[in-house]
Amino acid sequence: MALWDRLKESASSMQTQLMAKKNDLKSGAFRDASMAMCALVAAADGTVDPAERRRVAQLIATNEVLQNFSADDLRRRFEDNLNKLTTDFAFGKVSVVQEIAKAKKKPAEARAVIQIGIVIGGADGDFDKDERAVVREACYALELPPHEFDL
């Protein structure tokens, strides 16, 4: 199976798993960690071009799991995290990873945050090494083994 096909299958599988847990994913910690994860993946290479920003914002707005929350609130939180990362990537990353770590108290939410990172990273068909690295780093912040997610 080609890498592209495996990637699409993995992202689709992660989205299916997220949908099964949708009713359990309503906490503020999950919301905040998810938006931090989306921003971290979008800025994984240290920059965010306008097209990538729009694409991730659109994915957030249309993701059924995230519809437990106000789209405007999600967009604001995503943009706030992106601004931290684009102002000073290294310093912003510390803050954003701390936001992600808040979800570690509930293992189902922690796993869902990682799955959202994989879905966002794989949405363009290229879950690149920088995206994989930041999702792997988030696994450590959430005290989850990266190999559980093939990272």
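The values are calculated or read from the model by the stated rules, or taken from the named source; none is laboratory data. Just so it is clear, the model here is predicted, and its values are computed rather than measured. Don't worry about glycine lacking a Cβ; one is built from the backbone with ideal geometry, like all the others, and counts go over all protein chains shown. For the accessible areas, the whole protein counts, side chains as well, though only heavy atoms, and no ligand, DNA or RNA atoms are used. Shrake-Rupley method; radii C 1.70, N 1.55, O 1.52, S 1.80 Å.
Comparison of Leu144, Leu66 shows that the only residue that is closer than 16 Å to Leu25 by Cβ, in contact with a Pro (Cβ under 9 Å, 6 or more places away or on another chain) and open to solvent by less than 80 Å² (accessible area, probe 1.4 Å) is Leu144.
The condition (being in a helix (DSSP H, G or I), modelled with pLDDT of 90 or more and buried (at least 20 other Cβ atoms within 10 Å of the Cβ)) is satisfied by just one residue among Arg31, Arg76: Arg31. Among residues of the stretch 127-151 that are modelled with pLDDT of 90 or more, those with a Cβ under 9 angstrom from a residue that is of a type in the set (Ser, Thr, Tyr) and open to solvent by 20 Å² or more (accessible area, probe 1.4 Å), sequence gap 6+ or separate chain, pair up as Pro146/Tyr140. Screening Ala39, Ala11 for residues that are open to solvent by less than 20 Å² (accessible area, probe 1.4 Å), closer than 29 Å to His147 by Cβ, at pLDDT below 85 and under 13 Å from the mean Cα position of the chain (by Cα) leaves exactly one candidate, Ala11. Can Glu64 be described as over 16 Å from Gln98 (Cβ atoms) and at pLDDT 90 or above? No.
Which of the residues spanning the stretch 96-123 are of a type outside the set (Lys, Arg), more than 14 Å from the chain's Cα centre (by Cα) and either outside any helix (DSSP H, G or I) or surrounded by 14 or more Cβ atoms within 10 Å (Cβ to Cβ) (or both)? Residues satisfying the conditions do not exist here.
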